[in-house]
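To keep things clear, I will list the structure first and then write my remarks on it.
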Amino acid sequence: MALPRNFRQYVPWKTSTALTLALLQDTLKLPVTEIHQPLPDDAKTIFDQKADTVYKHMLQPSDNFIAEQLLLVCSSAKFKTLNADSVINYSQKHFLNDLPDTPQWVDGSGLSRQNLFTPRSIIALLEKILDEVKNDDLVHSLMPAGGVVGTIKTAYKTDNGQAFVWAKTGSLNNNYNQSGYLVTRKGHRLAFSFMNNNFTKPSRQLRDEMVKIMTFIHENY
């Protein structure tokens with residue numbers, strides 16, 4: 001039987017303010033009370049880190065917690081509420097409405113199997129990032145670099161000490177993805193996206209095959 005159009009299934013984590021207070025009191029062994037204190041109209045935000053520094057800390061080790069928090073920070077800044085759906089919907093309407101395939105995006109970390117993006121949409125997004133930043137070297141510096149730093153440090157070898165792949169990985173059981181940028185020996189700059197799913201072999205085997213392909217492209221094109 002086919003599922004109805006726009007079908008959504010929720011797997012709830014049920015909580016409440018009373019439960020949160022009770023858990024905190026039990027853990028801290030101190031009284032914990034709820035307060036309602038509106039933010040003053042003249043409140044100011046103190047920025048203690050540059051955005052690029054935060055992005056690097058998120059991307060290179062693939063920190064899902066930071067990714068989730070950044071989505072909530074965007075929601076707070078734009079809509080004055082901590083609601084991931086609000087900023088996801090806004091981004092899809094204003095920034096991602098021209099992707100080749102409409103994405104299904106449900107969280108900030110990418111850990112949900114309900115997140116569905118196609119490889120060509122990821123490539124379009126990678127191109128959008130470069131068009132927006134207009135500085136390839138800066139974008140590369142924020143990402144894991146093959147043979148140098150981050151989640152693909154041990155996957156690739158450098159070419160005479162220089163990285164030629166900068167990519168973000170994504171993995172779940174039976175899924176391994178890698179998307180990013182490649183620079184060839186002839187100076188061609190490419191965006192790529194591999195998505196492997198429903199496999200039963202160790203992820204390392206698929207990763208090594210991708211590395212062979214990317215290294216071949218780098219050396220020959």
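The values are calculated or read from the model by the stated rules, or taken from the named source; none is laboratory data. On a predicted model such as this, the values are computed, not experimentally measured, just so you know. Cβ placement follows ideal geometry from the backbone for every residue including glycine, while neighbour counts extend to all protein chains displayed.
Scan the stretch 2-44 for residues that are exposed (fewer than 10 other Cβ atoms within 10 Å of the Cβ), in a loop (DSSP other than H, G, I, E, B) and without any contact (Cβ under 8 Å) to a residue 12 or more places away in the chain and the total you get is 28. Evaluate the following for SER75: is it touching an Asp or Glu at 6+ places or on another chain (Cβ under 9 Å), among the polar types (S, T, N, Q) and over 16 Å from LYS168 (Cα atoms)? Yes. Exactly one residue out of SER121, SER75, SER62 is at pLDDT 95 or above, among the hydroxyl-bearing types (Ser, Thr, Tyr) and buried (at least 17 other Cβ atoms within 10 Å of the Cβ): that is SER121. Take the residues in the stretch 149-171 that are crowded, with 17+ Cβ neighbours inside 10 Å and hydrophobic (A, V, I, L, M, F, W, C); name whichever of them is nearest to ALA67 (Cα to Cα). Applying the filter and picking the extreme gives ALA167. Of everything in the stretch 156-173, what is touching a helix residue (DSSP H, G or I) at 6+ places or on another chain (Cβ under 8 Å) and either more than 23 Å from ILE213 (Cα to Cα) or modelled with pLDDT under 95 (or both)? Give them in sequence order. Those that are touching a helix residue (DSSP H, G or I) at 6+ places or on another chain (Cβ under 8 Å) and either more than 23 Å from ILE213 (Cα to Cα) or modelled with pLDDT under 95 (or both): THR169, SER171. Filtering the stretch 45-72 to residues that are in contact with a helix residue (DSSP H, G or I) (Cβ under 9 Å, 6 or more places away or on another chain) and either farther than 22 Å from GLY150 by Cβ or part of a loop (DSSP other than H, G, I, E, B) (or both) leaves THR45, GLN49, GLN60, PRO61, SER62, ASP63, LEU72. Applying the set (1) surrounded by fewer than 18 Cβ atoms within 10 Å (Cβ to Cβ); (2) touching a residue at least 60 places away in the same chain (Cβ under 8 Å) to ASN197 leaves exactly one unmet item: (2). Any residue at all in the stretch 131-141 that's closer than 25 Å to PRO61 by Cβ, touching a residue at least 24 places away in the same chain (Cβ under 8 Å) and in contact with a strand residue (DSSP E or B) (Cβ under 6 Å, 6 or more places away or on another chain)? Yes, the stretch 131-141 has at least one match.
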